[in-house]
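Worksheet: the structure to be examined is printed underneath.
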Amino acid sequence: MNKSVAPLPQYAKAPLLVLISVFLMMQSLSTDMYVASLPSLATLFDVPASTVQLTLSIFVMGFGSAQLAIGPMSDRFGRRPVLLWGLGLYLAASILCSLSPSIWLLIGARFLQALGCSSAFIIGRAIIRDAYAPEHGTLIMVRASSWLSLTPLLGPIIGAYLEVWFGWRAVFAVHSIVSLALILAVFFRLPETNANKDPRATELAGILSSYREVLGTRTFWANALPGAFSYGSIFTFISGASMVLIRVLHMPVTWFGYSFSFGTLGYMFGTMLCRRLLRTMSPGSAFRVGTGISLICGVLFLGCVMAGIHHWSIVLAVMFLTMAAHGINSPLSQAGSVSPFPAQAGTAAGLSGALFMVAAFIVGTIVGATYNGTLYPIAVISCMNGILLFVCVRVFPELKSKTA
């Protein structure tokens, strides 16, 4: 693969890779920094774990559903105005989260926060398709994902200390500060990258036409569906690790931040491994490597739990490997599901992103509903995700070609 990945000449002066990386970080910032607070929220608001779990599940539901609208809107009106409105909503919702006096208001504010966050994630992916040559899209996505890995690496540590020192509201104060800084960066440094605005993109007929074109293409499903299962595999740990490690295995909250970050260090490792794999093999072959690791993780976790090995080190080892597999699978999925659609980049990004969030919502809901004070539910869910992901990639012949 060609290593020259400069943006198109008209965007050469803009810090696109930095901005794209931060846009992609927003979703992880909104979840990973927050997970250490989940057990304390259950205690402070005197609600069961399944209710607290809604603050994550409702976020992914809002995040996924918003992408269906944000993609077409950015195809019609441009990336920049939709992004600025979305970040403004994220800022307002983060302030509301930090001031919420009840769990139900917090859940509602998290939904609004997700709508704003979705704009950054989707438009970041669409900008890759706008501003870089199609053959460079996968490598740019992998590079941005390497920077993205800093958020799940440092976020849980920062979030755990914020929880211990200042309480859960401090996390949302940080979200507010970050989003304000990003609004200023976009306003002053990001040019409009959508050079082919589609005036029919938000009309019902135009939306349906774009949806039919994207959803009717097997290459889209060959990339997006494995990405959804891969996201489900890591969301098993995003939504369940704090309850398992803190409540079941009695890990101190401050330790949890470091432990979760060690697990997510695997994501950084996975993205670096993905870059090396792409030097010697096609994206489809790299996909099969990543999904093979996913299968091993799930089977290993369930096997250890069934054998009576209930120790925090097993959870961290499996989480590390699962995140590493996702570091391979996710960039390939995200780039491959958008690259065939130059005129519908926002729509394709929105549809694939919505699919990811559907998987996360289902997994998060199941994790919360099945929590019973043991490791068995999370281990079974992890194993099932690994099997589905492994099988999914191998049923699409499109992934055997040189392009994903």
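The values are calculated or read from the model by the stated rules, or taken from the named source; none is laboratory data. Note that this is a predicted model, so its numbers are computed, not measured. In this analysis, Cβ positions are derived from the backbone assuming ideal geometry, glycine residues included, and neighbour counts consider all displayed protein chains. The accessibility values were calculated without ligands, DNA or RNA, using every heavy atom of the protein model including side chains. Shrake-Rupley method; radii C 1.70, N 1.55, O 1.52, S 1.80 Å.
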Would a scan of region 153-162 turn up a residue that is within 23 Å of Ile95 (Cβ to Cβ), touching a residue at least 60 places away in the same chain (Cβ under 8 Å), in a helix (DSSP H, G or I) and in contact with a Leu (Cβ under 8 Å, 6 or more places away or on another chain)? yes
Given the conditions (1) more than 25 Å from Met25 (Cβ to Cβ); (2) in a helix (DSSP H, G or I); (3) open to solvent by 40 Å² or more (accessible area, probe 1.4 Å), which single one is not true for Pro199? (2)
Among residues belonging to region 26-51 that are more than 17 Å from Leu162 (Cβ to Cβ) and of a type outside the set (Ser, Thr, Tyr), point out the one that is surrounded by the fewest Cβ atoms within 10 Å (Cβ to Cβ). Asp46
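Can you tell which of Ser118, Ser65 is under 19 Å from Leu355 (Cα atoms) and surrounded by 24 or more Cβ atoms within 10 Å (Cβ to Cβ)? Lay out the reasoning, then the answer.
Working: Ser65 fails: surrounded by 24 or more Cβ atoms within 10 Å (Cβ to Cβ).
None of the other options fit; the residue is Ser118.
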Any chance region 208-216 includes a residue that's touching an Asp or Glu at 6+ places or on another chain (Cβ under 9 Å), within 30 Å of Arg394 (Cα to Cα) and either among the β-branched types (Val, Ile, Thr) or open to solvent by less than 40 Å² (accessible area, probe 1.4 Å) (or both)? yes
Going by what's in this entry, would Ser233 be described as in a helix (DSSP H, G or I), under 30 Å from Val164 (Cβ atoms) and either touching a Ser or Thr at 6+ places or on another chain (Cβ under 9 Å) or among the small types (Gly, Ala, Ser) (or both)? yes
Criterion violated by Val289 - all others in (1) within 22 Å of Met384 (Cβ to Cβ); (2) more than 17 Å from the chain's Cα centre (by Cα); (3) touching a residue at least 40 places away in the same chain (Cβ under 8 Å) satisfied: (3)
Is it the case that some residue within region 91-99 is open to solvent by less than 30 Å² (accessible area, probe 1.4 Å) and closer than 18 Å to Phe356 by Cβ? no
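Can you confirm whether Ser37 is out of contact with any strand residue (DSSP E or B) (no Cβ under 9 Å at 6 or more places or on another chain), among the hydroxyl-bearing types (Ser, Thr, Tyr) and either over 16 Å from Phe361 (Cβ atoms) or in a loop (DSSP other than H, G, I, E, B) (or both)? Working first, answer last.
On the way: out of contact with any strand residue (DSSP E or B) (no Cβ under 9 Å at 6 or more places or on another chain): yes; among the hydroxyl-bearing types (Ser, Thr, Tyr): yes; either over 16 Å from Phe361 (Cβ atoms) or in a loop (DSSP other than H, G, I, E, B) (or both): yes.
Here the answer is yes, as Ser37 does meet what is asked.
Does Leu17 satisfy the condition of being surrounded by fewer than 24 Cβ atoms within 10 Å (Cβ to Cβ) and in contact with a helix residue (DSSP H, G or I) (Cβ under 9 Å, 6 or more places away or on another chain)? Let's see the steps before the verdict.
Working: surrounded by fewer than 24 Cβ atoms within 10 Å (Cβ to Cβ): yes; in contact with a helix residue (DSSP H, G or I) (Cβ under 9 Å, 6 or more places away or on another chain): yes.
It is true that Leu17 is surrounded by fewer than 24 Cβ atoms within 10 Å (Cβ to Cβ) and in contact with a helix residue (DSSP H, G or I) (Cβ under 9 Å, 6 or more places away or on another chain).
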Hey, can you tell me all the residues within region 317-353 that are modelled with pLDDT of 80 or more, more than 18 Å from the chain's Cα centre (by Cα) and open to solvent by 10 Å² or more (accessible area, probe 1.4 Å)? Ala317
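Yes/no per residue for (1) in a helix (DSSP H, G or I); (2) over 21 Å from Leu278 (Cβ atoms):
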site	(1), (2)
Gly327	yes, no
Leu332	yes, no
Ser337	yes, no
Ile366	yes, yes
Thr374	no, yes
